[in-house]
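Some notes on the structure that comes next.
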Amino acid sequence: MTTVIAFIFMFGLLVFIHEWGHMIFAKRAGMLVREFAIGFGPKIFSFVRNETLYTIRLIPAGGYVRVAGEDPEIIELKPGHHIGLEFNDEGKVNKIIVNNKSKHPNARVIEVEHVDLDHRLIIQGYEIGDEDEKLHFEVDQKAFFIMDERETQIAPYDRQFASKSIGQRAMQLFAGPMMNFILAIVIFIILGVAQGTPVDEAIMGEIQADSPAAEAGFQADDEVIRIGETAVSTWEEFTSVVRENPGQELSMVVLRDGTEEQLTVVPNTAETVDQQGEPISIGQIGVRQAFEKTVLGTLTYGFEQTYEITRLILTNLLMLVTGQVSLDLLSGPVGIYDATDQVVQTGFMNLLLWTAMLSVNLGIVNLVPLPALDGGRLLFVGLEALRGKPIAPEKEGIFHFVGFALLMLLMIVVTWNDIQRLFL
């Protein structure tokens, strides 16, 4: 149950922050945000606020923000349609009743001759059975269609995605991944405030009981300055030597209270896998890095850790694209849940660290220029900037549809691999 709660919290936070970024910048640009959704599939909870439908859906595989104009409008009025009209106090149409007009006895029923709900916001037509007098109605810019007793707000062209500048559209698309990077920075700063930031020098923090380091006589605050004949100045240099020498006796010189001490330690052998998924042996002596608490160090730590994780993920992504890493190593929701279960056992701080890493990963993956992802849509905005005119919506729609289908196929393959790893 703890893992389930942790996974829901983590998944919800990552998706919420990502989609919140899209929504906020859409609204700042004046776009009509029709829906803000967490999950896919059937709705299990919803409410409407400030023109937007907020929903939680059944399948926890992501989320979306639906902006007017990104998809074809569901309701389209054409000449000859019979519709009912209701009016606000200013005499403008505020409800356009598409069907079930008998349920709205106060509606004025007309036959449509001409309609423009994009620019001029007018409806022209005739009373049913009276074609002698042409009627002209102005439409409120926040009027609603009513179809099957469900209300859908109209979207004049200036509220649609396509009406905005290239910069506004690009920022709306980029805002989701950007918020994931910002979330990671904030989480690392929180970690820095809570537990301090690691020092650069090879200074010992916690010494694990019954470990090789404890048996060798290491103490907290010892600083390793030399291993054998090799000078050591950073924690990375120290751990690199230890990892590369499992089971080998290492002679180390540490600085303790201003005095040099000679210690000998034999690293334990631990099994892990390299970036290609191949099993390897590494050395461990059972020490943790020392931490310190400074304001500047904490702020810097947030940005540095986010940068390092970004660099690591990009490196692995490049290796995947070039075939240096097998597709079998990819994980989907099932694999992430299993990894979360293991992380939860190690404590809340590690869960926060895991959340920050996944947030960076989500930001990077969404910026990859693939169909149906933010990066794919940014690619089309960039092509429009270069060409001076947009790609035909039909062609872009096909591109994203095919890409989305391929992504769903990849998700199925990855999920199958995750399930196999759990039971094999």
Cut-off under 5 Å, modelled amide H: who pairs with K95 long-range: E86, F144
Residues of the chain: accessible area per residue with a 1.4 Å probe, Å²: 56
Net charge of Cβ neighbours under 9 Å - reference V254; Lys, Arg +1; Asp, Glu -1: -2
Residues of the range 87-118 with amide N under 18 Å of the 7 Å Cα→Cβ point at D132: 111
Per-pair calculated FRET efficiency, R0 = 41 Å: F47 and H114 via Cβ, rounded to 0.05: 0.65
Spatial separation of Cα centroids for the range 274-323 and the range 9-60, in angstrom: 32
Histogram of C-alpha separations across the range 290-424, 5 Å bin width, %: 2, 8, 12, 16, 18, 14, 11, 8, 6, 3, 1, 0
Cα-projected label distance for E292 with L320, points at 7 Å along beta-carbon direction, nm: 3.7
Whole-number D in µm²/s for the range 75-214 (Stokes-Einstein; Kirkwood sum over Cα pairs; 25 °C, 0.890 mPa s): 122
Distance from the range 89-115 to the range 155-178 (C-alpha centre basis), Å: 31
Rounded to the nearest 10 Å², the accessible area of H400 at probe 1.4 Å: 30
q = 0.19, 0.20, 0.21 Å⁻¹: log10 I(q)/I(0) that the Debye formula gives for the range 1-148, counting C-alpha atoms only: -1.13, -1.20, -1.27
Solvent exposure ordering (accessible area, 1.4 Å, most first) of T2, T52, T415: T2, T415, T52
log10 of Debye I(q)/I(0), alpha-carbon scatterers only, for the chain at 0.06, 0.12, 0.14 Å⁻¹: -0.40, -1.09, -1.32
Residues V365 and N99, FRET efficiency given R0 of 41 Å [Cβ-Cβ distance, rounded to 0.05]: 0.45
Helix-only mean residue ellipticity at 222 nm for the chain, each DSSP H run of n ≥ 4 adding -39500 (n - 2.57), per residue, nearest 500: -14000 deg cm²/dmol
Per residue, the convex hull volume that the Cα atoms of the range 329-368 enclose (Å³): 63
Carbon plus sulfur fraction of accessible area for the chain, probe 1.4 Å, in percent: 58
Residue-count net charge about V360 - beta-carbon cut-off 11 Å; Lys, Arg +1, Asp, Glu -1: 0
Estimated distance in nm for a label pair at T300 and E237, the labels positioned 7 Å out from Cα along Cα-to-Cβ: 1.8
In degrees, nearest ten, helix 374-387 long axis to first principal axis of the chain (Cα): 60
Efficiency of FRET from Cβ geometry, F40 and I391, R₀ 35 Å, rounded to 0.05: 0.85
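The values are calculated or read from the model by the stated rules, or taken from the named source; none is laboratory data. These numbers come from a predicted model, not from an experiment. With ideal geometry, Cβ positions are generated from the backbone for all residues, glycine too; neighbour counts draw on all protein chains shown. When the accessible area is computed, the model is the full protein with side chains, heavy atoms only, and any ligands, DNA or RNA have been set aside. Shrake-Rupley method; radii C 1.70, N 1.55, O 1.52, S 1.80 Å.
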